[in-house]
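Enquirer: Starting off with a structure, shown below.
The values are calculated or read from the model by the stated rules, or taken from the named source; none is laboratory data. Small disclaimer: the values here were computed from a predicted structure and weren't measured. Positions of Cβ are generated from backbone atoms using ideal geometry, with glycine treated the same way; all protein chains shown enter the neighbour counts. Accessible surface areas use protein heavy atoms only, side chains included; no ligands, DNA or RNA. Shrake-Rupley method; radii C 1.70, N 1.55, O 1.52, S 1.80 Å.
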Amino acid sequence: EGTSSMSNNDEVAMPILLNGARAYDWIYDKLSQSERDKIRAMLVVRGEQAYERWWTERGVYHLKPYSSHRTRLVNYMTQVGTVLWDEAEEPRKWFNYLMPIITTFYPAWGGQDGGYSEGPSYWRMYFNYMLQSAFCLEKGMGIDVLRTPFYRNNGWFKIYADPHFAAQHPFADTGIGIYWPADKINLYRLASVFKNPYFRWRAEMSEPRGHLPVTETPVPSGVMSFFWLDEGPDAPKAKAPTDIPANYRFNGVGIAALHEDPSDPDEAFILLKSSPYGAWSHIYADQNSFYIQA
């Protein structure tokens, strides 16, 4: 309830909530009953703080789902709720709220054609959270949320609207940086789930910028690469996008990408933006703007 509470500093509270639940799950057999009781009680209190944010901060979340941090909590709370499902009553309340959101309009930042309105930089981090949430729901609850059009088409966003050879990464907030190899791990996962050779190609083009191991992502935990990097015999083989349409329009987020050849690093391409989102959250007020590279 103090300095690490959700209302005081959510950037402290959120990782304690998520990583606390994961650690509780992984070392459960090593804990005494007294230790389990203490940790569970802490997680339930923090989970309730997160739940209240969807109802009390900036309006009800499902009616106005454009708050970045409350959107991140959707992914965290599915995992916390899965861990605590058989040990507390509160997760049922959390899931009763979350499941209609996750299986309908979520994420509100995207569209059925796979676009992502908060831009490539925030895609790296938030889409990684979404994939972790989906992985947890599938393995822990038997619920497969990846079979929605948004997830199926999201890899095209990275091929057309954020090419691996782009010198800059419009549109929206680019403050997270371009060095995290979350591009690679996210696209590996999409390629494996949907058996898409083009997504695998885009993943292999995503070399890290810096000194981080290529198979790790610090957003938020490199352990996911252990689960997701699919190198088995059934893994899709990378295929350069030489035989796909040159252009793609992401109607949901108002971005059109026009390419000469999406597989050619020396091509010329143009991106056009006229977004229905306005300037919410990490989206900039850059309507009717464009980006040209040649």
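Enquirer: Looking at (1) touching a helix residue (DSSP H, G or I) at 6+ places or on another chain (Cβ under 6 Å); (2) assigned to a loop (DSSP other than H, G, I, E, B), which is the only condition F127 fails?
Expert: (2)
Enquirer: Are any residues in region 112-152 over 19 Å from M99 (Cβ atoms), of a type in the set (S, T, Y) and out of contact with any Gly (no Cβ under 8 Å at 6 or more places or on another chain), and if so, which ones?
Expert: Y122, Y126, listed by residue number.
Enquirer: So, R58, is that one under 22 Å from E1 (Cα atoms) and in a loop (DSSP other than H, G, I, E, B) or not? Outline the logic, then answer.
Expert: On the way: under 22 Å from E1 (Cα atoms): yes; in a loop (DSSP other than H, G, I, E, B): yes.
Criteria met by R58.
Enquirer: Within the group E48, E1, which residue is part of a helix (DSSP H, G or I) and farther than 18 Å from C136 by Cβ?
Expert: Details: E1 fails: part of a helix (DSSP H, G or I).
Among E48, E1, only E48 is part of a helix (DSSP H, G or I) and farther than 18 Å from C136 by Cβ.
Enquirer: Something else now. Identify, by number, the condition in (1) touching an Asp or Glu at 6+ places or on another chain (Cβ under 9 Å); (2) closer than 25 Å to M224 by Cβ that R36 doesn't meet.
Expert: R36 satisfies every listed condition except (2).
Enquirer: So, G81, is that one at pLDDT 95 or above, in contact with a Phe, Trp or Tyr (Cβ under 6 Å, 6 or more places away or on another chain) and open to solvent by less than 60 Å² (accessible area, probe 1.4 Å) or not?
Expert: Values: at pLDDT 95 or above: yes; in contact with a Phe, Trp or Tyr (Cβ under 6 Å, 6 or more places away or on another chain): yes; open to solvent by less than 60 Å² (accessible area, probe 1.4 Å): yes.
Yes: the conditions hold for G81.
Enquirer: Moving to a separate point now. Does P107 satisfy being in a loop (DSSP other than H, G, I, E, B) and either surrounded by 14 or more Cβ atoms within 10 Å (Cβ to Cβ) or in contact with a Pro (Cβ under 8 Å, 6 or more places away or on another chain) (or both)?
Expert: Details: in a loop (DSSP other than H, G, I, E, B): yes; either surrounded by 14 or more Cβ atoms within 10 Å (Cβ to Cβ) or in contact with a Pro (Cβ under 8 Å, 6 or more places away or on another chain) (or both): yes.
Judged against the criteria, P107 is a match.
Enquirer: State yes or no: is F135 within 22 Å of Y284 (Cα to Cα) and assigned to a helix (DSSP H, G or I)? Show your work before the answer.
Expert: On the way: within 22 Å of Y284 (Cα to Cα): no; assigned to a helix (DSSP H, G or I): yes.
Considered against the rule, which asks whether it is within 22 Å of Y284 (Cα to Cα) and assigned to a helix (DSSP H, G or I), F135 comes out as no.
Enquirer: Let me ask something additional. What's the number of the condition D113 fails, among (1) in a helix (DSSP H, G or I); (2) open to solvent by 20 Å² or more (accessible area, probe 1.4 Å); (3) not β-branched (V, I, T)?
Expert: The failed condition is (1).
Enquirer: Could you count how many residues in region 134-151 are acidic (D, E) and out of contact with any helix residue (DSSP H, G or I) (no Cβ under 8 Å at 6 or more places or on another chain)? Reasoning before the result, please.
Expert: In the first step, residues of region 134-151 are kept if they are acidic (D, E); the result is 138, 144.
Narrowing further to those that are out of contact with any helix residue (DSSP H, G or I) (no Cβ under 8 Å at 6 or more places or on another chain): 138.
Qualifying residue count, region 134-151: 1.
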